[in-house]
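Okay, structure first, notes after.
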Amino acid sequence: MAKAKIYVKADLQKLIERRMDMDPSFIMKQLILYEKLAEGMNSLTLDTTNKSVDESMNSLLAFLDKNLK
């Protein structure tokens, strides 16, 4: 069975817009942490900054279809 490590991300400003219930400094710390983890794990990155939920899902499904057959 193939395993894929995919880091789903958005830029800081977009994350703050999406998560208005969270402290922006916490979001920034989390973003830094997750980027380091993704890099250390050689994860592929799916940037959702300028994508809708549907567009992001379609990108992910297309990647999986292409790479995990």
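The values are calculated or read from the model by the stated rules, or taken from the named source; none is laboratory data. Here the structure is a predicted model, which is why all the values come from computation and not from measurement. Quick reminder, even Gly has a Cβ in these numbers, built from the backbone with ideal geometry, and neighbours come from all protein chains shown.
What the table below lists for this structure:
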| read-out | value |
| --- | --- |
| From Leu31, Leu12, residue being surrounded by 13 or more Cβ atoms within 10 Å (Cβ to Cβ), in contact (Cβ under 8 Å) with a residue 12 or more places away in the chain, over 25 Å from Asn67 (Cα atoms) and out of contact with any strand residue (DSSP E or B) (no Cβ under 9 Å at 6 or more places or on another chain) | Leu12 |
| Hits in the stretch 23-53 - residues which are among the basic types (Lys, Arg) and either closer than 25 Å to Lys3 by Cα or in contact with a Leu (Cβ under 7 Å, 6 or more places away or on another chain) (or both) | Lys36, Lys51 |
| Enumeration of residues in the stretch 1-49 that are assigned to a loop (DSSP other than H, G, I, E, B), hydrophobic (A, V, I, L, M, F, W, C) and in contact with a Lys or Arg (Cβ under 8 Å, 6 or more places away or on another chain) | Ala10, Met41 |
| Filtered residue count, the stretch 15-28, keeping only those that are surrounded by 12 or more Cβ atoms within 10 Å (Cβ to Cβ) and either closer than 21 Å to Ser52 by Cα or touching an Asp or Glu at 6+ places or on another chain (Cβ under 9 Å) (or both) | 6 |
| Subset tally (residues that are free of Cβ contacts under 8 Å to residues at least 12 places away in the same chain, in a loop (DSSP other than H, G, I, E, B) and over 23 Å from Ile16 (Cα atoms)) for the stretch 50-69 | 1 |
| Residue, farthest from Lys66 (Cα to Cα), within the stretch 34-54, restricted to residues that are polar (S, T, N, Q) and surrounded by 15 or more Cβ atoms within 10 Å (Cβ to Cβ) | Thr48 |
| Selection count where residues are touching a helix residue (DSSP H, G or I) at 6+ places or on another chain (Cβ under 9 Å) and of a type in the set (Phe, Trp, Tyr), scope the stretch 3-53 | 1 |
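Conditions (1) modelled with pLDDT under 95; (2) among the aromatic types (Phe, Trp, Tyr); (3) under 24 Å from Ala62 (Cβ atoms), marked per residue:
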residue: Ala2; (1), (2), (3): yes, no, yes
residue: Ile6; (1), (2), (3): yes, no, yes
residue: Asp21; (1), (2), (3): no, no, no
residue: Lys29; (1), (2), (3): no, no, no
residue: Gly40; (1), (2), (3): yes, no, no
residue: Leu46; (1), (2), (3): yes, no, yes
